[in-house]
1. Determine the shape class of the stretch 41-200: with a ≥ b ≥ c the square roots of the Cα gyration tensor eigenvalues, call it rounded for a/c under 1.5, and otherwise prolate if a/b is greater than b/c, oblate otherwise.
2. Which cross-chain or sequence-distant (5 or more) residues have an amide H under 5 Å from the amide H of D84, H modelled 1.01 Å from N in plane?
3. Normalised radius of gyration for the stretch 194-249, please: alpha carbon Rg relative to 2.2 N^0.38 Å, two decimal places.
4. Report ³J(HN,Hα) in whole Hz for each residue of the stretch 29-45, in order, from the Karplus equation J = 6.51 cos²θ - 1.76 cosθ + 1.60 where θ = phi - 60°; Gly and Pro get x.
5. Where only protein heavy atoms count, and the probe is 1.4 Å, what is the accessible area per residue for the stretch 82-216 in Å²?
6. With every protein chain left in place, what is the accessible area of T154 in Å² (1.4 Å probe, nearest 10)?
7. Of the accessible area of the stretch 55-202, with the probe set at 1.4 angstrom, what percent is carbon plus sulfur?
8. Within the set of other residues whose C-beta is less than 9 Å from the C-beta of A138, count the net charge using Lys and Arg as +1 and Asp and Glu as -1.
Amino acid sequence: MNKLWEEFKKEAEIDLQSLMPKDSLNKNFWNRKMMLKEPIRQKLIQIANDFFESLNLSEEVILKDITITGSTASYNWSKYSDIDLHLILDFSQINENQELVKEYFGGKIFVWNNKHNIRMNDHEVEIYVQNEKESHMAAGVYSVLNGVWLEQPTKAEFEVDLETTKKKANQLVDQIERVYDFFESREYPKTMEAANKLKEKIKEMRRAGLADEGVYSPENMAFKLLRRSGHIELLHKMIAKSYDKIMSLHKDIRGTLKIMISNLEEEVNEIFDPVIEEVNFQRRMKQKHYLKKKWLVGQGKQKNSTPYKLKPS
């Protein structure tokens, strides 16, 4: 990990510059009139419609809109940017329990992403199902379905705080590295607990930065930097692999994570069934409580000591 951290710090300066706003939108996607190029628009509509059909919803459910948002629809795009393709639906048309609807869509998106790796001009297409009543904070929102801007991006005048961004990013890298120490020591419940807490901390940090200063806040830029360096992916992998180890050691009826993922397509319903989705939702909550219980009742008797100022090798 020390080698990985050193590589991260060496590349930080280069990656930070890629986060700086551009003078124009990405010319691979947008024409001079700031409209999405027609071949790309038609292909994105086809992708969205194919995914919508795979949801197997009733005919009463209408696809309200298809939008692009995120950095591809703004001036802070880079070679790392995904194409955030949002399908806008009214969740209440499906079921009054919108948490169950969200659970169903989450499973469908997971299966879709495992089946497909769609890229346009070397940018990955990421699908998201958005409730039309859901508030969405973005620098730009473009209706792919109607070919118009719903929220046109603007070039903001500001000074990017690169020093604070680097400070926040390095601090988070250090914390991820410490979680990795738990994992290498095979302390899987500790890894699971610490990694999930850190994941939520990063999520809240980014949310606060977006609300306060927008997409160029040090918090959001630090998150993007960690995502590009692979540290966010490492955090997610530690959570998944720790779950795998815990469930294997305790012979949980769910089996290992590998088996769970291989059977995931069978687990996700072909059609939305509120009864089955509630069972799935309750099972996931039970698993989370099981892991939480193991952490609370099984990890006592730690020695109190002064925190290290420098992490030992």
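The values are calculated or read from the model by the stated rules, or taken from the named source; none is laboratory data. Predicted model only: the values in this text are computed from it and were never measured. We place every Cβ from the backbone using ideal geometry, glycine too, and count neighbours over all the protein chains shown. Only protein heavy atoms, including side chains, enter the accessible area calculation; ligands, DNA and RNA are left aside. Shrake-Rupley method; radii C 1.70, N 1.55, O 1.52, S 1.80 Å.
1. It is oblate, given that a/c is not under 1.5 and a/b is not larger than b/c.
2. T69, T72, E126
3. 1.33
4. So the J values, rounded to whole Hz, are 10, 10, 8, 5, 8, 6, 10, 5, 4, 4, x, 5, 4, 5, 5, 5, 5.
5. Numbers: 7410 Å² over 135 residues.
Roughly 55 Å² per residue, with all protein chains present.
6. 110
7. Percent of accessible area from carbon and sulfur atoms in the stretch 55-202: 45.
8. Working: positive: none; negative: D84, E151.
Result for the neighbourhood of A138: -2.
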